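Working notes, beginning with the structure itself.
The values are calculated or read from the model by the stated rules, or taken from the named source; none is laboratory data. Since the model is a prediction, treat every value here as computed from it, not as a measurement. All Cβ positions, glycine included, derive from the backbone under ideal geometry; neighbour counts span all protein chains shown. Quick note on the areas: whole protein, heavy atoms, side chains included, nothing else; ligands and nucleic acids left out. Shrake-Rupley method; radii C 1.70, N 1.55, O 1.52, S 1.80 Å.
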Amino acid sequence: MQSSEVFVGSIDQGTTSTRFLIINRDGAPVASHQVEFGQIYPHPGWHEHDPLELVESVETCIAGAVEFFESQGFSRTSIACVGITNQRETTIVWDHETGEPLYNAIVWTDTRSQAIVAELKSRPGASKLQSLCGLPLSTYSSATKLLWMLEHVPRVREAFERGTLAFGTVDAWLVYRLNGGPDANVFVSDSTNASRTMFVNLETLRYDDSLLDFFGIKGKLHLPRIVPSSDSSAYGVIASGTLARAPIMGCLGDQSAALVGQKGFSPGMAKNTYGTGCFLLYNVGEKPVFSKHGLLTTVAYHFGGKPVYALEGSIAVAGSGVKFLQDNLSFFQNSREVNDLAVTVEDNGGCVFVTAFSGLFAPYWIDDAKGTIFGITQFTQKGHIARATLEATCFQTKAILDAMEKDSGSALTELAVDGGMSNSDLAMQTQADLISIPVYRPKMRETTALGAAIAAGLAAGIWRNFAELRDINRAGGTVFEPQVTREESTAKFEQWEKAVRMSKGWVSSANDRNQDGDKQVGLGMTTAATESLLTSAVKSSVNGILPEQREQRDTSTLNSVPLVSELVTKGNLQPKVSVTTHAMANKDDDRDRDWDLASHIKTPFITVSSDLDEADEEDLFLELRKVEILQKLKRLRKMKLSYY
Ligand SMILES: Nc1ncnc2c1ncn2[C@@H]1O[C@H](COP(=O)(O)OP(=O)(O)O)[C@@H](O)[C@H]1O
Ligand SMILES: O=P(O)(O)OC[C@H](O)CO
């Protein structure tokens, strides 16, 4: 067989669609098939996929692409190996013995674990997590999604107690099922996907006992074995169907795959992928770099030998903002039309759209932001909103690049882009204008699928080294040069930052979060967890008083701390805690609004009452977070604990 007749299959299991591409040795797709699958939104902020439908979508795509491939005179036997790339963090649990899923996949965008996150943040050791696993505590990672399932889904809890619960990200699930499930029991996850769970130590690329302990799952569930992203035997073979017996030899989380597909193999190279979300990965080499400016640390790829790391800026909403205009607001029939609509107007007409549908991710990490459009007037047209939607991702990319520059000490000279939304010329021109460097868009934009093919192809010996990949997908790209002055882009960016500040804190009560009245959306904490949170928050609040003021406190105040704990322990008197300013003490209705004026807070009170009902739990929790915020602001001057 001629080397040019060898092909690699690439499964790209994304957030909104699945594709299978058959790629030749020059990196060009010769056949592909794509299907969309169900997006399940059971409640506001929830987002699920059916795990079995994900597998079916893969099988459908393989069948479709191979059918076309063979219609062109090729044979499926020339597909030497298969690579997999996938949406990351999305969490799937199944029964280890039967291979059956026990709940829908909770998608990376899902924010239902907000209360769990807030509770975890109050636990000892929480502040050290990121330096071990590279990720901040947020609703984004798999860990908090798994904890939510353990707390709220009896079947999952029972399997956990029985010792039959298997946990995996989408890569692990697909590999397991494609290999035939429990019979073959190929249960592995590649390093890039595993590094998104919060369970893995970034330096060792092994599960870290202290992390598993922190989340309370040590030794209690089946976790996939972590293997390199390119491996000729670890991923097994496809058990049945169109490509039965084809070996799987590569696997990468989709953002890592895009970096590989863009051939970002040297430190200092970066790519930005505008898919459902948008993710900027910056290669930092063989040592992880931990961000001080809101970025994540992740495994870029691990092709045997030393892993390569990246700094990552994650944006939750990019193409999904465009899809929102299409599906929810009926602005157009197909996402590609957003560009045409946006160019019907000269500029955003004063509209700024903070597309915080899942809160805001990097570099802001604001859980309680909600999507907000500022600057609407009678003049506003659909075109302005379309433009503002595209701009939202570009602004966040600018914020991420600024953070990256601070963390890395060097500035990018060009940004390589890909992903669905990068097809919009207007979006890419806007991006270049805002970051004041050229934006490079390759001709073939299926770089994610190409990356997975490269991972598999390297293991299969189709390519022997990075040098052989050099000319792949190089010709015919587009460069967008900045066309506005830095002053103009800075002024626009300042307006965006103002809009971000103003979008904060919208989620402020149980009703806002729980419009469907489903009890499961509530605080989701056991009495023991509430107790420990409450006690530690109140204790640390009292400890947060400046030393000289602590001495002045009468002992009854300090003695009341254990009393709070006792009230909860007894169970019959659940305390309600509220924090308010001196000035606002008698104006409860205005409290939340005035709380935002944090700069005016001089005299916070913690008020504890004994009439907490279930609906109050969420409020209680938010109040405790405010205590934390107060401490961070270091504005504590004087504190009183009182009971009523
Ligand atoms: N021409 C286009 N202009 C703007 N957005 C687009 C365009 N084509 C697709 N999109 C958006 O890109 C997203 C799909 O991109 P893709 O890279 O396939 O994402 P994923 O891998 O997350 O499924 C969709 O959310 C869609 O709205
Ligand atoms: O579906 P995408 O391409 O937006 O990527 C999803 C990411 O992997 C989530 O971390």
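So how exposed is ARG177, as accessible area in Å² (1.4 Å probe, rounded to 10)?
It works out to around 70 Å².
When only the heavy atoms of the protein chains count and the probe is 1.4 Å, how do GLU59, GLU346, GLU161 rank by accessible area, highest first?
Putting GLU59, GLU346, GLU161 in descending order of accessible area: GLU346, GLU161, GLU59.
For every other residue with a beta carbon closer than 13 angstrom to the beta carbon of ASN201, add +1 if it is Lys or Arg and -1 if Asp or Glu, then tell me the sum.
The answer is -2.
Arrange the residues ARG19, ARG157, ARG112 by how much accessible surface each exposes, largest first, with a 1.4 angstrom probe.
So, going from the largest accessible area down, we get ARG157, ARG19, ARG112.
Counting Lys and Arg as +1 and Asp and Glu as -1, what is the net charge of the other residues whose Cβ lies under 14 Å from the Cβ of PRO267?
+2
Using amide H atoms built in the peptide plane, which far-off residues or other-chain residues are under 5 Å from GLY477 H to H?
Answer set, sorted by chain and number: LYS443.
I'd like to check one number: the per residue accessible area of region 407-464, probe 1.4 Å, reported in Å² as a whole number.
It amounts to 29 Å² per residue over region 407-464.
Quick check: Cα centre of region 1-77 to Cα centre of region 227-266, how many Å?
13 Å
Taking H as built 1.01 Å from N, whose amide H comes closer than 5 Å to the amide H of ALA239, not counting residues under 5 places away?
Residues meeting the criterion, in which the H sits 1.01 Å from N, are ASN179, GLY180, ARG245.
Excluding PRO307 itself, what net charge comes from residues whose Cβ is under 11 Å from its Cβ, given Lys and Arg +1 and Asp and Glu -1?
Local charge sum for PRO307: -1.
So if the hydrodynamic radius of region 1-121 is defined as the Kirkwood radius over C-alpha pairs, what does Stokes-Einstein give as its diffusion coefficient at 37 °C and 0.692 mPa s, in µm² per second?
D = 202 µm²/s.
Work out how much length SER240 to ILE40 would gain on full extension: take 0.36 nm times their residue separation and subtract the Cα-Cα distance, in nm to one decimal.
Here the segment from SER240 to ILE40 would lengthen by 69.2 nm.
Give me the number: length gained by fully extending ALA467 to ARG206, i.e. 0.36 nm times residue separation minus the C-alpha to C-alpha distance, one decimal in nm.
Extending this stretch completely gives an extra 91.0 nm.
At 7 Å along the Cα-to-beta-carbon direction for both THR77 and LYS406, put a label point, then send me their distance in nm to one decimal.
6.0 nm
Cβ neighbours within 10 Å, averaged per peptide: list 210-221, 61-72, 279-290 in order, most packed at the top.
In decreasing order of mean packing, 210-221, 61-72, 279-290 become 279-290, 61-72, 210-221.
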